[in-house]
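The values are calculated or read from the model by the stated rules, or taken from the named source; none is laboratory data. Every value quoted in this text rests on a predicted model; they were computed, and no experiment measured them. Cβ placement follows ideal geometry from the backbone for every residue including glycine, while neighbour counts extend to all protein chains displayed. We work out accessible area using only protein heavy atoms, side chains counted, and drop any ligands, DNA or RNA first. Shrake-Rupley method; radii C 1.70, N 1.55, O 1.52, S 1.80 Å.
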Amino acid sequence: MKIQEINSFLAVCKYGSFTKAAEKIYTTQPTISWHISSLEKELGMPLIVRRKGIHQIALTKAGEAFLPQAKKWAELWRETEILLSQSDINTYHFGCVPSLIDDIFPLVWQNFHRQFEDCALEEINRTSFELFELTENGNLDAALTCITYPTSRIHILPLASERLLFVCREDADYGDAVKLSDLDVTKEIRCVWTNETDAWERHYLGNLQKPLLQLSAIQNAPVYFTGPQSWGLVPATYYIHKFREGFRTCELDIEPAQRVFYLISNYPQREPYYTSLLDPLADFFSLQEHVKVLI
């Protein structure tokens with residue numbers, strides 16, 4: 001599977017025809033056709049429906065399933081090219097979870113740039129699982145993540161822990177104190193924050209009722225609280241920085257599992273760059289309400 005074939009497939013999907021795709025990526029229509037045919041042959045299934053007299057292409061079911069994978073392939077290739085182009089440049093690769101990247105990275109970068117003018121700092125924004133995998137594979141020097149797994153290949157440092165808060169709209173009729181047993185799971189906006197918080201919810205709330213909405217990735221959670229009885233369990237830092245007017249918190253009778261932040265890094269750690277991350281991260285967490293610094 002070649003990147004040229006992937007790019008041709010994505011261009012055809014984007015522009016709707018072989019001819020238009022060829023114009024946009026500066027090649028010929030026969031070349032586009034050859035790339036698509038080669039890709040289909042390698043995958044062993046047709047990706048695009050071909051009908052005479054039909055100018056707008058349509059994807060087969062296999063083509064629709066392959067499209068998001070092709071996008072990931074192209075993005076991975078792009079990132080690989082960037083990494084290879086920077087192989088001769090002194091660069092420190094730091095990753096961070098999406099829910100904190102806007103707040104954390106400016107502080108880390110300012111401290112890093114002040115100390116090391118001869119080293120570039122590259123930020124990678126991924127989910128906790130992806131950050132752990134990238135660090136373990138040696139593609140990241142360090143990362144701030146909320147998920148860890150048993151391994152001897154990377155160093156894991158617990159940085160901070162934070163409470164999960166019961167969040168609802170201001171017009172909801174929940175009292176200041178809420179019993180977990182009284183909650184209606186079918187009104188819940190559930191986000192999977194960590195393995196521990198997810199296990200806690202399943203233990204106390206069960207699997208018999210499905211939440212109103214379950215988000216596997218951290219998206220713009222506040223927009224989904226559309227009903228007056230909508231509720232969710234939200235980490236303190238996310239609530240403070242992402243939820244604006246119109247929301248409030250209540251105390252639960254059973255404290256939810258906390259979300260823990262870990263600074264993970266490759267062996268051997270690249271010093272003094274690694275150590276320079278600790279102060280701005282500790283300073284940030286020390287200023288957050290409902291957060292306990294662990295270092």
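Worth a mention:
- Checking residue 42 against (1) at positive phi; (2) open to solvent by 30 Å² or more (accessible area, probe 1.4 Å), the condition it does not meet: (1)
- Only listed residue being surrounded by fewer than 21 Cβ atoms within 10 Å (Cβ to Cβ), on the phi < 0 side of the Ramachandran plot and either in contact (Cβ under 8 Å) with a residue 60 or more places away in the chain or among the β-branched types (Val, Ile, Thr) (or both), chosen from 178, 167, 97: 178
- Residue check for residue 158: touching a residue at least 24 places away in the same chain (Cβ under 8 Å) and part of a loop (DSSP other than H, G, I, E, B): no
- In this entry, residue 115 passes the filter for residues that are in contact with a Ser or Thr (Cβ under 7 Å, 6 or more places away or on another chain) and loosely packed, with under 14 Cβ neighbours inside 10 Å.
- Scanning segment 256-282 for residues that are in contact (Cβ under 8 Å) with a residue 12 or more places away in the chain, out of contact with any helix residue (DSSP H, G or I) (no Cβ under 7 Å at 6 or more places or on another chain) and open to solvent by 80 Å² or more (accessible area, probe 1.4 Å) gives a single hit, 267.
- Test: residue 70 is open to solvent by less than 30 Å² (accessible area, probe 1.4 Å) and under 30 Å from residue 95 (Cβ atoms): yes
- Residue 229 falls short of the stated requirement of being open to solvent by 30 Å² or more (accessible area, probe 1.4 Å), farther than 30 Å from residue 283 by Cβ and under 18 Å from the mean Cα position of the chain (by Cα).
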